[in-house]
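Notes to accompany the following structure.
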Amino acid sequence: MHNKLIQYPAASAKDMHEACHQQMVVFVVDRDEAARASVATLVDRNGWRTECYSTAQGFLERTAHAGPNCVVLDVDLPDAAGLALQQRIAAERSATPVIAVAGKADVRSAVQAMKAGAVDFLTKPVFGPSLLHAIDQALAWSRAAIDHARSVHAIQARHDTLSPREQEVVSLVVRGLLNKQVGAELGISEITVKAHRGSAMRKMGARSLPELVNMVGRLQEPAPAAA
């Protein structure tokens with residue numbers, strides 16, 4: 001549904017790895033107490049943990065969950081708070097997909113929700129199997145997004161250990177330039193290029209040129225798209 005670059009948190013690779021294995025959480029944000037309870041019961045019975053909030057502010061005051069998670073959001077929250085919350089989640093918690101829920105089949109609300117980044121739009125009363133399927137898909141995407149961020153974070157950390165010259169050499173090598181061409185571009189000898197290239201590959205942990213190219217490519221790779 002939405003395809004965007006994920007924002008990578010400033011955390012260690014170890015922290016991000018541990019986060020991926022934390023319990024998955026389904027957040028329910030709905031002003032209707034009965035609706036919250038109904039969704040929570042359904043979700044809990046299927047092995048996921050739920051946390052319920054009656055307001056957008058209540059949810060935002062909760063520290064962002066580092067592990068796989070999603071939000072089942074009542075877009076009919078007062079004062080357009082549902083749409084505003086979606087926008088905040090997209091900007092600040094981009095590994096948290098939103099499943100939008102509305103009290104009626106309103107095309108305008110559905111369009112707004114999807115444009116704001118919702119991975120699905122359901123109407124109340126929500127059909128159990130449809131909601132469970134949407135949650136399963138959302139959590140799978142969240143897990144993939146976190147795994148992707150962790151992988152890129154690790155590669156970026158190794159890339160940051162390269163000297164400025166090694167980074168210049170790597171950027172030209174991955175573009176397909178030969179050592180001789182890289183030397184001419186940077187005004188250094190081919191032997192020096194080979195030395196910088198070898199050092200960079202060792203620091204990056206790349207066993208071959210194709211592996212180095214793949215690593216650098218992942219630094220520009222967008223996060224997985226929600227299915």
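The values are calculated or read from the model by the stated rules, or taken from the named source; none is laboratory data. Not measured: the values here are computed from a predicted model. Every residue, glycine as well, gets a Cβ built from its backbone with ideal geometry; the counts of neighbours run over all protein chains shown. Each accessible area value is taken on the protein alone, full model and side chains, heavy atoms only, with ligands, DNA and RNA left out. Shrake-Rupley method; radii C 1.70, N 1.55, O 1.52, S 1.80 Å.
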Go through the stretch 100-122 residue by residue and tally those that are without any contact (Cβ under 8 Å) to a residue 60 or more places away in the chain and under 26 Å from the mean Cα position of the chain (by Cα). 11
Which pairs have Cβ atoms under 7 Å, sit 6 or more apart or on different chains, and link a residue in the stretch 185-207 that is closer than 12 Å to Val170 by Cβ to one that is open to solvent by 60 Å² or more (accessible area, probe 1.4 Å) and in a loop (DSSP other than H, G, I, E, B)? Lys203/Thr161
Among the residues of the stretch 68-82, what is the count of those that are assigned to a loop (DSSP other than H, G, I, E, B) and modelled with pLDDT of 90 or more? 1
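Go through the stretch 179-213 and count every residue that is among the hydrophobic types (A, V, I, L, M, F, W, C), part of a helix (DSSP H, G or I) and open to solvent by 20 Å² or more (accessible area, probe 1.4 Å).
Of the residues in the stretch 179-213, the ones among the hydrophobic types (A, V, I, L, M, F, W, C) are 182, 184, 186, 188, 191, 193, 195, 200-201, 204, 206, 209, 212-213.
Next, only the ones that are part of a helix (DSSP H, G or I) stay: 182, 184, 186, 191, 193, 195, 200-201, 204, 209, 212-213.
From what is left, the residues that are open to solvent by 20 Å² or more (accessible area, probe 1.4 Å) are 184, 186, 191, 195, 201, 209, 213.
Going through the stretch 179-213 one residue at a time, the tally reaches 7.
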Hey, does the stretch 158-165 have a residue that's within 30 Å of Ala140 (Cα to Cα) and touching a residue at least 60 places away in the same chain (Cβ under 8 Å)? yes
Between Arg165, Arg143, Arg150, which is farther than 25 Å from His65 by Cα, open to solvent by 40 Å² or more (accessible area, probe 1.4 Å) and out of contact with any strand residue (DSSP E or B) (no Cβ under 6 Å at 6 or more places or on another chain)? Arg165
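Would you check which residues across the stretch 96-112 are of a type outside the set (Lys, Arg) and over 11 Å from Val71 (Cα atoms) and list them? Show your work before the answer.
In the first step, residues of the stretch 96-112 are kept if they are of a type outside the set (Lys, Arg); the result is 96-103, 105-107, 109-112.
Within the stretch 96-112, Ala102, Gly103, Ala105, Asp106, Val107, Ser109, Ala110, Val111, Gln112 qualify.
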Residue selected from the stretch 119-140 under the condition surrounded by 21 or more Cβ atoms within 10 Å (Cβ to Cβ) and in contact with a helix residue (DSSP H, G or I) (Cβ under 6 Å, 6 or more places away or on another chain), by the criterion nearest to Pro68 (Cα to Cα): Val119
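Taking the stretch 85-118 on its own, how many of its residues are assigned to a helix (DSSP H, G or I) and open to solvent by 50 Å² or more (accessible area, probe 1.4 Å)? Give the derivation first.
First, the residues of the stretch 85-118 that are assigned to a helix (DSSP H, G or I): 85-92, 107-115.
Pick out the ones that are also open to solvent by 50 Å² or more (accessible area, probe 1.4 Å) and you get 87-88, 91-92, 107-108, 111-112, 114-115.
So the count comes out to 10.
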